Amino acid sequence: MDKIIENISPAKRVPVWHIHKRLYDWVLHFAHTKNSMVALFCISFAESSFFPVPPDVLLAPLALGAPKKWIRFATVCSIASVLGGILGYLIGLGLWEAIDQWVFAHMGSLGFTQKNFDTFKNLYDKYDFWIVFTAGFTPLPYKVCTISAGVARIFFPGFIIASAISRSARFFLVAGLFRWKGESIRPFIDKYFNLLTLVFVILLVGGFLAIKLFH
C-alpha cells in the first residue's frame, strides 16, 4: 500500500485517476503471487462494504493465466462478495447510526454520500429485490447498496438471494469472457485503462439517474 501513496504531497497533487491506477496496480500484482486466491477472496469480500477497486481487476488476469480454473475463480469471487454483502447489511443494521456522519465526511468518493443513501432507501419499499440485483450486477456501488439495505431493514433472505444471483452472474460473465478472449485482451486494458475508468464513472452516474427516473 505504501506504493499507492508515495510521492503524493500537498505541493504536488496527483489526479484522482492516477491514484486509482496505483491502487489498481497494487490489486493486480496479486495475480502473480502464490496468494492470489486468498487475495481474490479478501478483495471480493472487502469491496462489498468499503474497498474501492472491484474484484474484476484481479479476477480477469487470474482467468487469463489459468483458464481451466475460471469457474473456481468466479465461484470464490461470488461467495466472498455475498459474504461481504452480508457484513455490509449488518453494518447498516447495527452500526450505521454511530458512524454515518464520519463515513459521509471521509468516504464520499467511494459512493458513501447522503444523497446516494437517500436514493437507495427511498426505493427499497417498492423495488427492494431489483435494487439489490441491479447494484450487484452493474457499476452501481454495491457497497452502498448493502449498507443501506441494512439501514432500511429490507427482507434479509431476499437480499441474500438477489446478491447471490447478481454477483454470480457478473463474476461468471467476467471470468468467462476473459477465459474466452484470452491474452489478446490484456493490451487493450493496459492501453485504455483511463478511458475505461471514465466510462465506468459515466455508467455509475447514469445508473443513479436511471434509478431516479424509476422513482
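All of the numbers you see were taken from the coordinates with simple rules; none came from a lab. Just so it is clear, the structure is predicted and the values come from calculations on it, not from any experiment. Here Cβ is always computed from backbone atoms with ideal geometry, including for glycine, and neighbour counts include all displayed protein chains.
What list do you get for Thr134, Thr119, Thr33 if you sort them by fewest beta carbons within 10 Å?
The most exposed by this proxy come first: Thr33, Thr119, Thr134.
Fewest first, what order do Arg72, Arg170, Arg153 take by the number of other Cβ atoms within 10 Å?
With the sparsest Cβ surroundings first, the list reads Arg153, Arg72, Arg170.
Taking the Cβ-Cβ separation of Lys34 and Trp180 as r and a Förster radius of 22 Å, what is the calculated FRET efficiency to the nearest 0.05?
0.25
Count the net charge of all other residues whose Cβ sits under 14 Å from the Cβ of Arg167, scoring Lys and Arg as +1 and Asp and Glu as -1.
Every neighbour counted, the sum reads 0.
Say the cut-off is 21 Å between C-alpha atoms; which of Lys115/Lys143; Lys34/Lys181; Lys34/Lys68; Lys143/Lys181; Lys34/Lys143 go over it?
Lys34/Lys181; Lys143/Lys181; Lys34/Lys143
Between Phe156 and Ile71, how many nm apart are label points set 7 Å from Cα along the C-beta direction?
Simple spin-label model gives 3.2 nm for this pair.
Between segment 124-151 and segment 76-119, what is the C-alpha centre distance in whole Å?
11
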